[in-house]
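What follows is calculated from the coordinates using simple rules that are stated; it is not laboratory data. None of these values were measured; they are calculated from a predicted model. Positions of Cβ are backbone-derived with ideal geometry, glycine not excepted, and every protein chain shown enters the neighbour counts.
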Amino acid sequence: MLGLDVDDGGIKLVELSQDHAGRLTLERCGLEPLARDWIKHGSIANFDGVVDATRRLIRRAGATATRVAMALSSSEVISKRVILPAGLSEREMEVQVESEAHQYVSFPLDEVSLDFCVLGPSQSSPGDVEVLIAATRREKVEDRQGLAEAVGLTPVILDVDSYAARLAATRLIGRLPGGADAMIALIELGQNTVSMQVLRGDDLLYEHDYAFSGLQLTQMLMQHYGYDFNEAQTRQTSGELPDDYMVAVLRPYVESVAPEIERALRLFFTSTPHHRVDHILLAGEVGALGGLAEIVAEHSATPCTIANPFEGMQLGRQVRGAQLLRAAPACLTACGLALRRFLQ
């Protein structure tokens, strides 16, 4: 199955396979930048342009799977955990979920796509179960479904981006020091936001998005070298950059990003009972920036690692090592989507 992550940072594709021994293989991966404003507030504003870009990416990556998992931004999805009686039939559960959804959704339910899953027995109410309800406008679902079908794919899963990112990060967190008690800050640097999730074991302790301009790096490339927007985006994706790029552009940008991450951590400390994180995982479109992990570790006095969701996987013949290093941090969510077939 393909994982296809489409947002204002571009399109990210991951195709995974698994052998009988449970070993995962990265068969294909790739990135395709999108022109500015083709994705607005999570919705596809230029449908034909995004369809063409997705087709190019599938063709260039050589993807063969036709079933696809996609995601909506967490800002577009209302999710709530509720306690319901155990032992309900599926239909009874659906009625209860719809009744609960009325309390949280501010628009008519006939305009809503609603889903739920039973998480397990309630810890606070014996005999009941904890249920996760997710709701979004139907047009958002149709947006992603239409894109998949337009490029010849069959959409089978529509996830929430933060959930998919957590699933992919779980494989990496298990390899970090501290075990299940370690507090991990998963920070994704996007074009317009810094998204931070703080995890301890299976528990999500904190989640917040912060305004952030990842486009600043693109703008610095345009100013320093005279590129237009599309060329600057393409060069970042391909890695084809001038010899003085590291010193003239990248280093000053990295120095400006680290304090943003430090502020995000400080807000977590001041708004929760927690006063530490044990490790920082960086991901996202600008997560692979050279030297960023070291500077963030210095600013925060916390160990910091660039997330490589393909760590520990075998590599298929279509995957190029240099391409993988550039793409990996941006593909965290796409990898989590592809993993839905194997890990739940």
For region 176-307, the Cα convex hull volume per residue in Å³ comes to 105 Å³
Dividing the mean separation of Cα pairs under 8 Å (6+ apart) by the residue count of the chain yields a relative contact order in percent of 23 percent
Sequence order, region 198-203: Karplus ³J(HN,Hα) from phi using 6.51 cos²θ - 1.76 cosθ + 1.60, θ = phi - 60°, Hz rounded, Gly and Pro as x, gives 10, 10, 9, x, 8, 9
What helix-only [θ] at 222 nm does the chain give? Using -39500 (n - 2.57) per DSSP H run of at least 4, over all residues, to the nearest 500, the answer is -10500 deg cm²/dmol
Counting only residues 5 or more apart in sequence or on a different chain, those whose built amide H sits under 5 Å from that of CYS304 are ILE280
Toy charge model, Lys and Arg Cβ at +1, Asp and Glu Cβ at -1: the chain dipole around Cα centroid in debye, rounded to 20, equals 860 debye
Rounded to 0.05, the calculated FRET efficiency for the beta carbons of PHE269 and SER125 at R₀ = 41 Å is 0.85
For region 257-307 the mean separation of alpha carbon contacts under 8 Å (6+ apart) over residue count, i.e. relative contact order in percent, is 44 percent
Magnitude of the Cβ-charge dipole (Lys and Arg +1, Asp and Glu -1) of region 227-344 about the Cα centre, nearest 20 debye, reported as 620 debye
Phi angles of region 105-113, converted by Karplus (6.51 cos²θ - 1.76 cosθ + 1.60, θ = phi - 60°) into ³J(HN,Hα) in whole Hz with x for Gly and Pro, give 9, 8, 10, x, 5, 6, 9, 10, 9
For the chain, the longest principal axis of the Cα atoms and the Cα long axis of helix 215-225 enclose an angle in degrees, to the nearest 10, of 10 degrees
With a ≥ b ≥ c from the Cα gyration tensor eigenvalues, square-rooted, and the rule rounded for a/c under 1.5, otherwise prolate when a/b > b/c and oblate otherwise, region 137-228 is oblate
Straight-line reach check, LYS80, cutoff 12 Å on alpha carbons, 8 or more apart in-chain or any other chain, hits among aspartates and glutamates -> GLU100, ASP115, GLU130
Scoring region 190-280 by relative contact order with C-alpha pairs under 8 Å, at least six apart, yields a percentage of 21 percent
Spelling it out for ILE39: with amide H atoms placed in the peptide plane at 1.01 Å from N, the residues 5 or more places away or on another chain with amide H under 5 Å from its amide H are ALA45
Sparse-neighbourhood loop hits (trypsin sites (Lys or Arg not before Pro), region 240-344; DSSP loop; Cβ within 10 Å at most 14 others) -> ARG276, ARG317, ARG320
About its Cα centre, region 44-123 carries a charge dipole, from +1 on Lys and Arg Cβ atoms and -1 on Asp and Glu Cβ atoms, whose size in debye to the nearest 20 is 660 debye
Under 5 Å from the placed amide H of VAL112, counting only residues 5+ away or on other chains, we find ARG138
Between the Cα axis of helix 229-238 and the main Cα principal axis of the chain, the angle (0 to 90°, nearest 10) is 90 degrees
Rounded to the nearest 10 degrees, the helix 47-61 long axis (Cα) sits at an angle to the longest Cα principal axis of the chain of 70 degrees
Placing +1 on each Lys and Arg Cβ and -1 on each Asp and Glu Cβ in region 76-139, then taking the dipole about the Cα centre, the residue among PHE116, VAL129, SER106 whose Cα reaches farthest towards the positive end is VAL129
